[in-house]
Every structure is written in structure tokens, then in C-alpha cells.
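Heads up, the thing below is written out as C-alpha cells.
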Amino acid sequence: MENNTESNVIIEAQNVTRTFWMGEVEVRALRDVSLKIKRGEFVAIMGSSGSGKSTFLNQLGLLDIPTSGTIIIDSVDTSRMSEKEKGEFRLRNLGYVFQDYALLPELSAIENVYLSLMMQGKNKEECQKAASAMLIAVGLEDRLKQLPSKMSGGQQQRVSIARALAHKPRVLFADEPCANLDSTASKQVLELFRKFNKEVEQTIVMVTHEDWHVEYVDRIIRLKDGVLE
Ligand SMILES: Nc1ncnc2c1ncn2[C@@H]1O[C@H](COP(=O)(O)OP(=O)(O)OP(=O)(O)O)[C@@H](O)[C@H]1O
Ligand SMILES: [Mg+2]
């Protein structure tokens with residue numbers, strides 16, 4: 001049985017190592033990283049370029065497989081899942097925001113969000129409602145039918161946040177979500193994250209290397225050469 005303190009933990013990395021091989025050269029991107037993130041926490045992962053931030057986020061978000069060690073999400077040991085189970089788990093429980101927005105260019109804002117909700121197997125009307133509600137929540141009520149190419153970077157990133165949050169994921173992962181944005185658009189994105197973190201206790205794990213972003217988060221995790229500082 002778990003005690004109360006343990007059940008506050010939504011995601012846990014246990015002795016996670018990730019090694020890449022570049023021909024004969026071994027790159028130890030993560031070395032024996034252990035960490036617990038609490039439900040409702042907003043965490044920043046920081047460190048210099050090449051320190052392993054994206055590699056670590058990809059392990060936590062089940063986008064990659066550790067060389068050794070385990071990721072536990074909501075008491076589920078994900079190392080025991082098949083690739084198919086992991087794919088379904090990601091779709092239902094996790095949300096992602098990337099620095100390049102990753103929107104489908106031929107689809108409007110609402111269609112981008114709607115499509116990802118349809119992949120969850122929900123009915124059409126429910127998905128349409130949820131998609132427009134999320135776009136309104138991120139301040140894009142007047143852009144529902146616009147194509148990504150007709151939007152600013154900040155607006156596109158807000159569409160991708162709406163898409164990532166529409167199915168109410170247990171954890172939201174964001175890898176340098178403000179990297180391509182100016183400081184005004186970056187602030188809007190960070191304020192949205194903080195709003196969802198406070199209002200619906202959204203757990204968020206965000207990679208950033210901007211020092212001024214730290215004022216938005218609850219905790220900073222620093223990586224150096226693949227090791228937690
Ligand atoms: N697919 C890969 N194949 C080989 N090496 C990789 C791969 N992905 C990452 N690495 C190496 O692992 C180390 C950590 O990379 P990672 O992308 O996690 O760094 P980062 O902290 O996110 O850097 P940045 O701030 O530049 O995004 C680097 O030395 C990188 O070259
Ligand atoms: Mg990176």
C-alpha cells in the first residue's frame with residue numbers, strides 16, 4: 001500500500017539513464033537521474049545546451065525509452081507496458097507542447113484541436129464543444145477558423161497549448177515552448193501555463209533556459225552533463 005505522501009507523486013523517475021551511440025562514441029545524455037514530481041506542480045527543467053533537458057523530458061513523457069531505469073506515472077510502472085499500451089497511455093493521459101508548435105498547416109485552429117480529440121474516440125459534438133472551449137480559454141475566440149499560416153507564432157503556440165490540454169491530460173510536457181517567441185508572446189504562454197496550473201491544478205513539466213521564466217514555476221530542476229544538480 002502507498003502512503004499519502006507517495007500518492008501525491010504523479011510522476012517518478014527511478015535511476016534513469018539514457019545512453020546514445022554515435023558509431024563508436026558513447027554519449028551518456030542522462031546518468032542515474034531520480035526525481036519525483038507532485039500532482040499539481042509546475043516544474044522547470046533547466047541547464048545549458050546539451051545537458052540532457054530534452055532527453056529527460058522525453059523519458060518523463062514516454063516519448064523515448066530509458067537505457068536503464070523506470071518512469072512511473074500515477075503509480076503505473078511504464079516499463080512494463082508494450083509500445084501499443086504506451087501509445088494509448090500517452091494519448092489519454094499526457095499532453096505535449098513543442099517549440100515549433102507542430103500544427104497541421106492545412107487545418108484551421110479548431111480543426112487542429114478537434115482532430116486530436118477525435119483520436120481519443122469521443123463523439124463529434126463533444127469534441128467540437130471541447131475544442132472551441134479550449135481555444136476560448138487560451139484567448140483565441142476570434143481565431144477559431146484561421147489557418148496556422150495566418151497567425152503569429154504566439155497565436156500558433158496557443159493553439160498547440162489548446163490541443164495539448166483539450167483532453168485534460170494528467171501531465172503537460174513542454175520543451176522550450178517560448179524558444180521561437182518574443183517576450184510579449186512568451187509571457188502570454190507562461191501566464192496561460194500558470195493559469196491552468198492554478199485553476200485546474202494542471203501538472204506541468206517545462207524545459208527552458210531563460211532565467212526570467214523561473215518566476216512562473218514552483219520548482220527548478222537543474223541538469224548538468226546528464227546529472228541532477
Ligand atoms: N538521438 C540522439 N542521438 C545521439 N545523441 C543524442 C541524441 N539526442 C541527444 N543526444 C545527445 O545527448 C546530449 C543531451 O542532449 P539534449 O538534446 O537532451 O540536450 P538539451 O539539454 O535539450 O540541449 P538544448 O538546450 O540544446 O536543447 C547531447 O550531447 C546530445 O548531443
Ligand atoms: Mg533541448
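Taking the Cβ of Thr19 as the centre, find all other residues whose Cβ is under 15 Å away and add up their charges (Lys, Arg: +1; Asp, Glu: -1).
-2
Residues of segment 150-193 with the amide nitrogen closer than 15 Å to a label point 7 Å from the Cα of Asp142, along Cα-to-Cβ, please.
Counting backbone N atoms under 15 Å from the label point, the list is 151-152, 155.
Checking the a/c ratio against 1.5 first, then a/b against b/c, what shape does the Cα gyration tensor give for segment 3-89?
It comes out oblate by the Cα gyration axes.
In whole percent, how big is the carbon plus sulfur part of the accessible area of the chain, probe 1.4 Å, protein atoms only?
Carbon and sulfur together cover 49 percent of it.
What aspartates and glutamates sit close enough to Lys195 to cross-link, taking a C-alpha to C-alpha distance under 19 Å and skipping anything fewer than 8 places away on the same chain?
Cross-link targets: Glu41, Glu141, Asp175, Glu176, Glu215, Asp218.
With the dipole of segment 4-228 worked out from charges on the C-beta (+1 for Lys and Arg, -1 for Asp and Glu) around the Cα centre, which of Leu103, Ile220, Thr55 lies farthest toward the positive end?
Positive-most Cα among the choices belongs to Leu103.
Express the Stokes-Einstein translational diffusion coefficient of segment 93-229 in µm² s⁻¹, to the nearest whole number, given a Kirkwood radius over alpha-carbon pairs, 25 °C and a viscosity of 0.890 mPa s.
This corresponds to a translational diffusion coefficient of 160 µm²/s.
Residue farthest toward the positive end of the dipole of segment 4-228, with Cβ of Lys/Arg at +1 and Asp/Glu at -1: which of Gly23, His167, Thr70?
My answer, from the dipole projection, is His167.
Which one of Met118, Ser79, Met151 is farthest out on the positive end of the charge dipole of the chain, using unit charges on Cβ (Lys, Arg +1; Asp, Glu -1) and the Cα centre as origin?
Of the candidates, Met118 comes out farthest on the positive side.
If one takes the longest principal axis of the Cα atoms in the chain, at what angle in degrees, from 0 to 90 and to the nearest 10, does the Cα axis of helix 83-93 lie?
The angle comes out near 50 degrees.
Quick one: ranking Ser75, Ser49, Ser108, Ser149 by accessible area, 1.4 Å probe, largest first, what do you get?
Values: Ser75 75, Ser49 120, Ser108 10, Ser149 95 Å².
Descending accessible area places them as Ser49, Ser149, Ser75, Ser108.
So what's the gap between the Cα centers of segment 111-165 and segment 23-102, to the nearest angstrom?
25 Å
Taking the Cα atoms only, what angle lies between the long axis of helix 124-137 and the longest principal axis of the chain, rounded to 10 degrees?
Relative to the chain, helix 124-137 is tipped by roughly 80 degrees.
Does anyone have the angle between helix 153-165 and the longest principal axis of the chain? Alpha-carbon axes, 0 to 90°, nearest 10?
70 degrees
Under a point-charge model restricted to the Cβ atoms of Lys and Arg (+1) and Asp and Glu (-1), what is the dipole moment magnitude of the chain relative to its Cα centre, in debye to the nearest 20?
460 debye
Per-residue ellipticity at 222 nm for the chain, helices alone: DSSP H runs ≥ 4 residues times -39500 (n - 2.57), over residue total, nearest 500 deg cm²/dmol?
-10000 deg cm²/dmol
Compute the signed sum of charges (Lys and Arg +1, Asp and Glu -1) over the other residues within less than 15 Å, Cβ to Cβ, of Ser160.
-1
Give me the 1.4 Å probe accessible area per residue for segment 4-228, excluding ligands and nucleic acids, in Å².
50 Å²
Net charge near Glu229: determine it from the other residues with C-beta under 14 Å of the C-beta of Glu229, scoring Lys and Arg +1 and Asp and Glu -1.
My count for the surroundings of Glu229 gives +3.
Run through the DSSP bridge list for segment 4-228 and note the antiparallel percent, rounded to the nearest 5. Each step should come with its number before you reach the end.
Numbers: 19 of 36 bridges.
Percent antiparallel among DSSP bridges in segment 4-228 is about 55.
With the cut-off at 1.5 for a/c, could you classify segment 49-105 from its C-alpha gyration tensor as rounded, prolate or oblate?
oblate
At a probe size of 1.4 Å, how large is the accessible area of Lys124, to the nearest 10 Å²?
120 Å²
Compute the label zone of Ser149 within segment 95-114: residues whose backbone N is under 13 Å from the point 7 Å along Cα-to-Cβ.
104-108
Would you mind checking the radius of gyration and Dmax of the chain based on alpha-carbon positions, in Å?
When restricted to Cα atoms, the chain yields Rg and Dmax of 17.7, 54 Å.
Provide the gained length on full extension for the span Ala133 to Phe20, in nm with one decimal, where the gain is 0.36 nm per separating residue minus the Cα-Cα distance.
This chain segment gains 36.5 nm when fully extended.
At 1.4 Å probe size, what's the solvent-accessible area of Ser48? Round to the nearest 10 Å².
Only protein atoms counted, so the area is about 80 Å².
Can you give the accessible area of Asp225 in Å² (nearest 10), computed on protein heavy atoms with a 1.4 Å probe?
Taking all protein chains as shown, Asp225 has close to 100 Å².
Compute the distribution of all C-alpha to C-alpha distances in segment 159-229, in bins of 5 Å from 0, and list the percent of pairs in each, rounded to whole numbers.
The calculated distribution, bin by bin, is 3, 14, 28, 25, 17, 9, 3, 0.
Going from most exposed to least, what order do Trp212, Trp21 have by accessible area with a 1.4 Å probe?
Solvent-accessible surface, decreasing: Trp21, Trp212.
The values are calculated or read from the model by the stated rules, or taken from the named source; none is laboratory data. Note that the coordinates shown come from a computational prediction; the quantities given were computed from them, not determined experimentally. We place every Cβ from the backbone using ideal geometry, glycine too, and count neighbours over all the protein chains shown. For the accessible areas, the whole protein counts, side chains as well, though only heavy atoms, and no ligand, DNA or RNA atoms are used. Shrake-Rupley method; radii C 1.70, N 1.55, O 1.52, S 1.80 Å.
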